[in-house]
Structures are given as C-alpha cells and as structure tokens.
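The values are calculated or read from the model by the stated rules, or taken from the named source; none is laboratory data. All figures in this text were calculated on a predicted structure; none of them were measured in a lab. Here the Cβ positions follow ideal geometry from the backbone for every residue, glycine too, while neighbour counts run over all protein chains shown.
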C-alpha cells in the first residue's frame with residue numbers, strides 16, 4: 001500500500017478514534033493519550049527535529065554547488081534564479097495575506113497551557129535580523145539551531161565548491177553522499193508518518209473535539225486556496241505576459257507531469273516526466289529545460305513556501321500570539337531561503353517548517369496540528385512546485401530568442 005494512502009487511513013482513523021473517545025470515553029482517552037498517543041506523536045516529532053540542522057546544511061550547500069561555475073551561469077542562470085525568488089516571495093505574500101484574513105487558527109478551542117516555549121519579549125528589528133544572517137561562528141550556529149545562519153554558511157560553502165571545481169571534487173562528493181544519507185533517513189522517518197498522523201490527530205481531536213477538527217479544516221482550505229491562486233494568477237500571468245503562451249495551453253500541456261507529481265509527492269522523482277513534458281508539449285528547447293527544471297527541483301518550492309506561510313500564521317493564531325511586521329518579514333526571508341534547500345522528496349516540508357517556527361519563537365511541537373492533513377497538501381503543492389519550474393523554463397526560452405538563443409515554437413495544443 002502506498003505511503004500516501006497509509007497516511008490518509010491513519011488520519012481518518014485518528015479522527016474517528018479521537019472523536020469517539022472525546023464524546024463517549026473521556027477517561028479512557030486520558031489514559032491512551034498519556035501512554036500511547038502523546039508518546040508516539042512526540043517520538044515522530046523528535047525524529048523530524050533530529051534531521052533539521054544536517055538536512056538544511058547539506059541540501060543547501062549541495063544546491064548552491066550544483067548551480068555550477070558562476071562565470072558560466074550567464075543570462076539564463078540569473079533570470080532563472082531571479083524568477084524563482086520573485087515567485088516564491090509572491091507565494092508567501094499570498095499565503096500570509098490569506099491566512100491573516102481567513103484566520104484559520106482563531107477560535108479553534110486548542111488548549112495551549114501545557115505547551116513549553118518562551119515567547120520573546122520583543123521581536124528584534126528587521127535590520128538586526130538581516131545582519132545576524134551572517135554567522136560569526138557557524139559551528140555555534142549549528143549547535144544552537146540558528147537556521148538563518150546555517151543557511152548563509154551553507155550557501156557560502158556551496159558557492160566555494162562550485163568556483164573551485166576540480167580542487168573540491170571530493171568535498172562535492174561528500175556533500176552528495178551526506179545528502180543521500182539524509183534523504184534515506186527522511187524516507188525511514190516517513191515510514192512512521194501514518195502512525196505519527198494517527199497518534200497526533202487522535203490526541204488533538206480527542207482533547208478538543210469538533211472545534212479542533214474545524215480549525216484544521218480551515219487551515220487545509222486556506223492552503224489549497226493559496227496554492228490555486230498562485231498557480232492560476234502568478235504562473236498564468238507570467239506565462240502569458242513574459243512567455244507569450246496561452247495559459248490554458250500551458251496548463252493543458254503540462255497536465256501529465258502535474259498528475260505524476262500529485263501521485264508521487266516528489267519533485268525530484270517527477271523530474272524526468274516534467275522535463276519530457278515541457279520539451280514535447282510546451283516546446284521548451286532541451287538545453288533550457290535541462291538547466292532550468294533540475295535547478296528548480298532543487299531550489300524552487302513555491303508550494304512548500306505557501307504551506308510554511310499559512311502554517312506559521314495558523315499556529316500563531318492557535319497560540320494567540322501576534323506576529324509583528326518584523327516577524328512576518330522574518331517568515332518571508334526564512335521561508336524563501338528554506339525553499340531553496342527543500343529537497344524534492346515527500347515530507348521534507350515539515351522539517352523546513354520547524355526551522356521557520358524556530359525563527360519567530362513558535363513551538364515546534366505545534367507541527368502536530370497540521371501533520372494529519374499535510375500529506376494531502378503535499379501532493380497538491382508538489383504539483384504547484386513543478387508547474388513553477390515549467391513556467392520558468394517557458395519564460396527563459398522565450399526571452400533567449402532575442403539573443404539568438406534556442407527558439408521556442410508555439411505550442412499547437414487543442415484547448
């Protein structure tokens with residue numbers, strides 16, 4: 001049975017068990033929650049938190065190194081990275097805006113008295129946040145889990161590995177092998193996800209009943225709405241104005257790859273299909289597709305960024321914590337950088353969410369509130385992620401025509 005189906009089953013069973021115990025056997029629930037639900041959920045969360053620091057460093061360093069010789073990036077590299085950063089920022093603005101307006105975490109009835117976290121008295125100024133991105137001691141930053149500093153150091157390391165080329169071939173190989181080890185560990189952790197989903201959702205629903213379930217439903221709907229708006233408006237407008245392609249033709253032509261991404265929840269796993277689809281159905285030249293889409297599978301995760309933005313505001317509302325403008329800016333900066341390092345495999349978005357929550361002083365344990373519905377959202381946001389990569393490939397190919405680059409014939413699709 002596929003992992004996604006197992007997690008959905010765990011979610012449904014957890015909701016049913018939690019509701020039944022909440023309504024008919026509150027005393028039994030207290031015992032089960034103390035000895036089964038909470039311990040299993042905490043074990044799963046600890047496994048996730050265990051991987052946060054190493055996966056951030058290896059993924060981002062390897063992604064920066066994989067860009068290649070900076071001197072050879074040229075126009076295509078600059079336009080590609082610029083497009084990814086702009087669309088990810090737009091995605092976060094949409095996510096934060098919708099979550100602020102809809103308020104999916106307000107009035108959910110969650111009990112936060114037992115949560116162990118300290119709320120900082122005053123958020124640091126935005127300037128200080130930006131200046132503190134550069135670590136004075138990267139080892140100390142890793143020990144403390146200061147993710148912005150770890151990201152900055154990883155980018156510098158990856159850049160140096162790319163520039164030095166053959167001299168650092170062994171280091172590049174080490175980064176690749178370290179990343180493989182971490183991806184293997186992520187896959188192992190995700191095997192426990194159905195049980196973690198069951199335990200965490202049963203604990204949440206059993207403790208707080210239908211009000212908690214309603215709050216999670218609002219969260220689910222907010223993320224889906226943000227993903228839909230971003231895909232249709234942001235990508236559709238960009239493809240139409242910059243890529244000179246009919247948006248309907250774009251979405252219809254790329255639909256096969258989107259369906260594979262939805263079923264696998266893996267940007268990297270879908271890469272061969274997404275490149276083939278872009279080249280054959282969208283007429284993107286192979287040399288453009290071969291550069292833009294693999295790079296996008298590494299550093300462009302708009303759908304994941306949307307989840308992180310909505311989840312952060314949702315959790316802040318559940319805990320009745322007001323996020324200042326500086327906090328929101330920190331969320332944008334952190335999530336944009338996190339999306340660069342988010343590996344294209346199922347489940348890593350939750351690990352990156354832990355990093356974002358740390359930066360604004362929200363409890364990492366609150367990930368349990370969104371875990372149960374995350375697998376369903378993971379399928380949808382993966383489809384959005386690879387669609388963003390394809391839209392960038394279409395736009396870059398079109399822009400290169402005036403420089404005598406690869407020609408991009410018009411897609412002759414029936415719509």
Selection within segment 163-183 - over 18 Å from residue 352 (Cα atoms), within 25 Å of the chain's Cα centre (by Cα) and touching a residue at least 60 places away in the same chain (Cβ under 8 Å): 172, 175, 176
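Select from segment 277-305 the residues that are outside any helix (DSSP H, G or I) and under 15 Å from the mean Cα position of the chain (by Cα) and write down the one among them that is farthest from residue 225 (Cα to Cα).
Just the residues of segment 277-305 that are outside any helix (DSSP H, G or I), to begin with: 282-285, 300-301.
Cutting the leftovers down to under 15 Å from the mean Cα position of the chain (by Cα) gives us 300-301.
Details: 300: 20, 301: 17 Å.
That would be 300.
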Test result for residue 194, free of Cβ contacts under 8 Å to residues at least 24 places away in the same chain and either crowded, with 20+ Cβ neighbours inside 10 Å or within 29 Å of residue 96 (Cα to Cα) (or both): no
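Assess whether residue 385 counts as being closer than 11 Å to residue 267 by Cα and modelled with pLDDT of 80 or more.
Details: closer than 11 Å to residue 267 by Cα: yes; modelled with pLDDT of 80 or more: yes.
Considered against the rule, which asks whether it is closer than 11 Å to residue 267 by Cα and modelled with pLDDT of 80 or more, residue 385 comes out as yes.
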Single residue of 67, 7, 23 found to be closer than 30 Å to residue 174 by Cβ and at pLDDT below 85: 67
Filtered residue count, segment 222-250, keeping only those that are without any contact (Cβ under 8 Å) to a residue 24 or more places away in the chain and buried (at least 17 other Cβ atoms within 10 Å of the Cβ): 2
Pairs, first under 18 Å from residue 333 (Cβ atoms) in segment 150-161, second part of a helix (DSSP H, G or I) and modelled with pLDDT of 85 or more, C-beta under 8 Å, six or more apart: 150/138; 150/141; 150/142; 153/138; 153/141
Where residue 290 falls short, out of the listed (1) at pLDDT below 90; (2) closer than 28 Å to residue 371 by Cα: (2)
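Kindly indicate whether residue 218 is over 22 Å from residue 380 (Cβ atoms), surrounded by fewer than 24 Cβ atoms within 10 Å (Cβ to Cβ), touching a helix residue (DSSP H, G or I) at 6+ places or on another chain (Cβ under 9 Å) and touching a residue at least 12 places away in the same chain (Cβ under 8 Å). Write out each step before concluding.
Working: over 22 Å from residue 380 (Cβ atoms): no; surrounded by fewer than 24 Cβ atoms within 10 Å (Cβ to Cβ): yes; touching a helix residue (DSSP H, G or I) at 6+ places or on another chain (Cβ under 9 Å): yes; touching a residue at least 12 places away in the same chain (Cβ under 8 Å): yes.
So residue 218 fails the test.
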Selection count, segment 157-184, where residues are surrounded by fewer than 16 Cβ atoms within 10 Å (Cβ to Cβ) and out of contact with any helix residue (DSSP H, G or I) (no Cβ under 6 Å at 6 or more places or on another chain): 15
Residue within segment 306-319 that is over 12 Å from the mean Cα position of the chain (by Cα), modelled with pLDDT under 80 and part of a helix (DSSP H, G or I) present: no
Residues (more than 20 Å from residue 219 (Cα to Cα) and modelled with pLDDT of 70 or more) located in segment 329-357: 329, 330, 333, 334, 336, 337
Any chance residue 199 is assigned to a helix (DSSP H, G or I) and more than 30 Å from residue 320 (Cα to Cα): no
